[in-house]
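Q: Please read through the structure below; I'll follow up with questions.
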Amino acid sequence: MAGGGFGAPTGSGGVAFEAKITPIVIISCIMAATGGLMFGYDVGVSGGVTSMDPFLKKFFPVVYRKKNLPAKNNYCQYDNQGLQLFTSSLYLAALIATFFASYTTRRLGRRLTMLIAGFFFILGVVFNTAAQDLAMLIVGRILLGCGVGFANQAVPLFLSEIAPTQIRGGLNILFQLNVTMGILFANLVNYGTNKIKGGWGWRLSLGLAGIPACLLTLGALIVTDTPNSLVERGRLEEGKAVLRRIRGTDNIEPEFLELVEASRVAKLVQHPFRNLLKSRNRPQLVIAIALQVFQQSTGINAIMFYAPVLFSTLGFGGNASLYSAVITGAVNVLSTVVSIYSVDKVGRRLLLLEAGVQMFFSQVIIAIILGLKVKDHSNDLGHGYAIFVVIMVCTFVSSFAWSWGPLGWLIPSETFPLETRSAGQSVTVCVNMLFTFVIGQAFLSMLCHFKYGIFLFFSGWVFIMSLFVVFLLPETKGVPIEEMTDRVWKQHWFWKRYMNDDDYVDGIEVNAIKEAQKNGKSNSTAPAP
């Protein structure tokens, strides 16, 4: 059942693992990436419903009254900690849930962890849709956050492990594409439900999140677990059978042997979180953490969370602000498609650097326009300038969508060795959720105090992170996951100093492990469990 026949340049000593683009790989990746659809819908829907008067009147009457004052402050009308908690509580819950998800991903597998995420999503949707008070609303958001924690832990690992090396980047970015599609879907829904008479449109907006929640649950029931996960849990024959199915060839012995050897090393590691701090794992850990901090410091989630609120602040009417959010959501989706096409062709670094320039200048221009035209109690933006601001926001969103958005997840998921991969992904998700929570909880207050300077604040971070890419981020395009240490980290001008072959993993010398692996490969024709 092969859909193509690319050879992946993988394996030790330059040996290529034979792999085809099989239908089961494509279907599995599409189904798994629906976790991103749910995540994106949650990001997009919150900003829309918080701009709806019936929702504000029921749950946040203080904000409703402030919004409708004749002499309202343009930058401060939505500054309310409770309103920000509604949005950001999801990410605090995700932060905590990811530690439990690390255990289930390692012990129970990627597939079952995605199934757990689906159940959390469904429960959260039920609570949010039926909410009668703020407490019930927050409980729903917390349950959704647990789903995000489990999904963001399992899905990127699943996608990286099941995909052939030559298209690993593109298939992994399906997760981010679904995030952007979820945001666009939420913006379209909000635009429609805002027109519903009777003040219940926000319930429909929150309730339709059940569609991606059910898709993820169904997908987790259909897909098979990854060969890496099955081998890691000692199910060697099953792992071998799955590897044969997803690669579309019987010549899978070299890749399977490498999986078994990587798993053997992983089993020697009893404390994966502790071993993340070892010298040889420090480059991956530092880069994973830095990418998550930088991804949120671009300001993208502030714009995505609060796009309708932001546009309303800038003087757009209720429907106009939601319409503008739909436009930015569509740009987000289309630009992510660009990333899928280009990430395995031009590489990770070039996309990140080009986007850094584009994001920096678009945010500086927005800050200048707002500084000149939008004051605390007056708005002289005008139709032409308003359209130009939307264009600049779209320019910013597009550059993020083909760079820091998908690559912030892709690069950490493909760089950690198997023995620390689950723990590394857990730290990645945790840091991402922590800074997403911080930005979500603080943005409306920052907008109130910084005013137009908020865009200068984020552009400063874009400049810093671009320098980080120039000097410290190596290229990982086309490198097999299990060969990152030898072909990437040991070759990098800075990180190679941490690749000490005399390092120890849980008290076991790495050189001794490698020698045992070499002897095992040469002395046996079949892998041992």
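Q: Here is a check on your reading of the model: is Ile222 farther than 17 Å from Thr104 by Cβ, touching a residue at least 24 places away in the same chain (Cβ under 8 Å), surrounded by fewer than 19 Cβ atoms within 10 Å (Cβ to Cβ) and not small (Gly, Ala, Ser)? Please lay out each step first, then the result.
A: On the way: farther than 17 Å from Thr104 by Cβ: yes; touching a residue at least 24 places away in the same chain (Cβ under 8 Å): yes; surrounded by fewer than 19 Cβ atoms within 10 Å (Cβ to Cβ): yes; not small (Gly, Ala, Ser): yes.
In short, yes.
Q: Which one of Cys146, Cys76 is open to solvent by 10 Å² or more (accessible area, probe 1.4 Å), part of a helix (DSSP H, G or I) and in contact (Cβ under 8 Å) with a residue 12 or more places away in the chain?
A: One residue alone meets the criteria, Cys146.
Q: Next question. List the helices (runs of 4 or more DSSP H) that sit entirely inside the range 340-448 and contain at least 1 residues that are of a type in the set (A, V, I, L, M), open to solvent by less than 40 Å² (accessible area, probe 1.4 Å) and more than 20 Å from Gln292 (Cβ to Cβ). Even if it seems obvious, please write down each step before you answer.
A: Working: elements: 348-373, 382-401, 404-415.
Qualifying helices (runs of 4 or more DSSP H): 348-373, 382-401.
Q: Here is a further query. Is it fair to say Leu90 is touching a Lys or Arg at 6+ places or on another chain (Cβ under 7 Å) and buried (at least 22 other Cβ atoms within 10 Å of the Cβ)?
A: On the way: touching a Lys or Arg at 6+ places or on another chain (Cβ under 7 Å): yes; buried (at least 22 other Cβ atoms within 10 Å of the Cβ): yes.
The answer is yes for Leu90.
Q: When you go through Thr98, Thr165, Thr87 one by one, which is the residue that is touching a strand residue (DSSP E or B) at 6+ places or on another chain (Cβ under 6 Å), at pLDDT below 90 and of a type in the set (S, T, N, Q)?
A: That would be Thr165, the only listed residue that is touching a strand residue (DSSP E or B) at 6+ places or on another chain (Cβ under 6 Å), at pLDDT below 90 and of a type in the set (S, T, N, Q).
Q: Looking at the structure I just gave you, is Leu123 open to solvent by 60 Å² or more (accessible area, probe 1.4 Å), out of contact with any helix residue (DSSP H, G or I) (no Cβ under 8 Å at 6 or more places or on another chain) and more than 30 Å from Phe416 (Cα to Cα)? Full working, then the answer.
A: Details: open to solvent by 60 Å² or more (accessible area, probe 1.4 Å): yes; out of contact with any helix residue (DSSP H, G or I) (no Cβ under 8 Å at 6 or more places or on another chain): no; more than 30 Å from Phe416 (Cα to Cα): yes.
Spelling it out, it is not the case that Leu123 is open to solvent by 60 Å² or more (accessible area, probe 1.4 Å), out of contact with any helix residue (DSSP H, G or I) (no Cβ under 8 Å at 6 or more places or on another chain) and more than 30 Å from Phe416 (Cα to Cα).
Q: Which of the residues spanning the range 51-73 are modelled with pLDDT of 85 or more and either assigned to a loop (DSSP other than H, G, I, E, B) or among the aliphatic types (A, V, I, L, M) (or both)?
A: Taking the range 51-73 as the starting set, the residues that turn out to be modelled with pLDDT of 85 or more are 52-65.
Met52, Leu56, Phe60, Val62, Val63 - these are the residues of the range 51-73 that are modelled with pLDDT of 85 or more and either assigned to a loop (DSSP other than H, G, I, E, B) or among the aliphatic types (A, V, I, L, M) (or both).
Q: Taking the criterion of being of a type in the set (A, V, I, L, M, F, W, C), over 20 Å from the mean Cα position of the chain (by Cα), at pLDDT below 90 and not in a helix (DSSP H, G or I), would at least one residue in the range 202-214 satisfy it?
A: The answer is no; no qualifying residue exists.
Q: Moving on. Test each condition in (1) surrounded by fewer than 19 Cβ atoms within 10 Å (Cβ to Cβ); (2) more than 24 Å from Gln425 (Cα to Cα); (3) at pLDDT 80 or above for Val286 and report the one that comes out false.
A: Going through the list (1) surrounded by fewer than 19 Cβ atoms within 10 Å (Cβ to Cβ); (2) more than 24 Å from Gln425 (Cα to Cα); (3) at pLDDT 80 or above, Val286 breaks only (2).
Q: Look at the range 214-241 and say how many of its residues are aliphatic (A, V, I, L, M) and closer than 17 Å to Thr22 by Cα. Walk me through how you get there before you give the answer.
A: Pass one, the range 214-241, residues aliphatic (A, V, I, L, M): 215-216, 218, 220-223, 230-231, 236, 241.
Adding the requirement that they be closer than 17 Å to Thr22 by Cα leaves 222-223, 241.
Of the residues in that region, 3 qualify.
Q: Select from the range 449-491 the residues that are open to solvent by less than 10 Å² (accessible area, probe 1.4 Å), within 30 Å of Ile365 (Cβ to Cβ) and either outside any helix (DSSP H, G or I) or among the hydroxyl-bearing types (Ser, Thr, Tyr) (or both) and list them in ascending order.
A: Once the filter is applied, which keeps residues that are open to solvent by less than 10 Å² (accessible area, probe 1.4 Å), within 30 Å of Ile365 (Cβ to Cβ) and either outside any helix (DSSP H, G or I) or among the hydroxyl-bearing types (Ser, Thr, Tyr) (or both), the range 449-491 yields Ser459, Leu473.
Q: Check whether at least one residue in the range 191-198 is open to solvent by less than 30 Å² (accessible area, probe 1.4 Å), under 30 Å from Thr328 (Cβ atoms) and modelled with pLDDT of 85 or more, and report yes or no.
A: Of all residues in the range 191-198, those open to solvent by less than 30 Å² (accessible area, probe 1.4 Å) come to 193.
If we keep only those that are under 30 Å from Thr328 (Cβ atoms) as well, we get 193.
Filter again for modelled with pLDDT of 85 or more, leaving 193.
Yes: the range 191-198 contains one or more residues that are open to solvent by less than 30 Å² (accessible area, probe 1.4 Å), under 30 Å from Thr328 (Cβ atoms) and modelled with pLDDT of 85 or more.
The values are calculated or read from the model by the stated rules, or taken from the named source; none is laboratory data. As the structure is a prediction and not an experimental result, all values here were calculated from the model. Reconstructed Cβ throughout: ideal geometry from the backbone, glycine too, with neighbour counts over all protein chains shown. Just so you know, the surface numbers come from the protein's heavy atoms only, side chains and all, with ligands and any DNA or RNA stripped out. Shrake-Rupley method; radii C 1.70, N 1.55, O 1.52, S 1.80 Å.
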